[in-house]
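Okay, so here's the structure we're looking at.
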Amino acid sequence: MHTGDLLRQIDFIKEIDKVKYIQRKTKLFNSDRNENDAEHSWHLAMMTIVLAEHANIPIDVLKVVKMVLIHDIVEIDAGDTFLYETTKSHSNTAEERIAAQRIFGILPKAQADEFIAIWDEFESGRSHE
């Protein structure tokens, strides 16, 4: 591992801290407060781990956890699209693609490529594992 790679990874970790400040339209259980993207992604990751045994087909839990933790990072730049939004696309808009390239591009190339591929797969709904 090169020091340059480590510094890029630390820069990425600092950048994705911004996910905590993206407010969603959904409320927390038993609260009037809206959840943020970090809470949303964490909850999806936990649901994946806890409920994996109930999937209709066997799933690669680690891969799905990666997907749900990565999928909303682009909202740092592109903003959140509400589930019931009817005037904006919900997957891989040009704005989200630019955000993915910028944000994941902070990482060393191999990791950036991996994260973009995972993000693409989640967004396109191609994953059947």
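The values are calculated or read from the model by the stated rules, or taken from the named source; none is laboratory data. Owing to the predicted nature of the structure, the values given are computational and were not obtained by experimental measurement. Here Cβ is always computed from backbone atoms with ideal geometry, including for glycine, and neighbour counts include all displayed protein chains. Protein only, heavy atoms only, side chains kept; ligands, DNA and RNA dropped before computing areas. Shrake-Rupley method; radii C 1.70, N 1.55, O 1.52, S 1.80 Å.
Being within 18 Å of the chain's Cα centre (by Cα) and surrounded by 14 or more Cβ atoms within 10 Å (Cβ to Cβ) is the filter here, so list the residues in segment 1-25 that pass it.
Scanning segment 1-25 gives Gln9, Phe12, Glu15, Ile16, Lys18, Val19, Ile22, Arg24.
With β-branched (Val, Ile, Thr), on the phi < 0 side of the Ramachandran plot, modelled with pLDDT of 75 or more and outside any loop (DSSP other than H, G, I, E, B) as the only criterion, which of Ile73, Ile106, Ile116 stands out?
Ile116
List, please: which pairs have Cβ atoms under 7 Å, are six or more places apart or on different chains, and start with a residue in segment 38-56 that is open to solvent by less than 80 Å² (accessible area, probe 1.4 Å) and end with one that is basic (Lys, Arg) and assigned to a helix (DSSP H, G or I)?
Note: pairs meeting the criteria are Ala38/Lys20.
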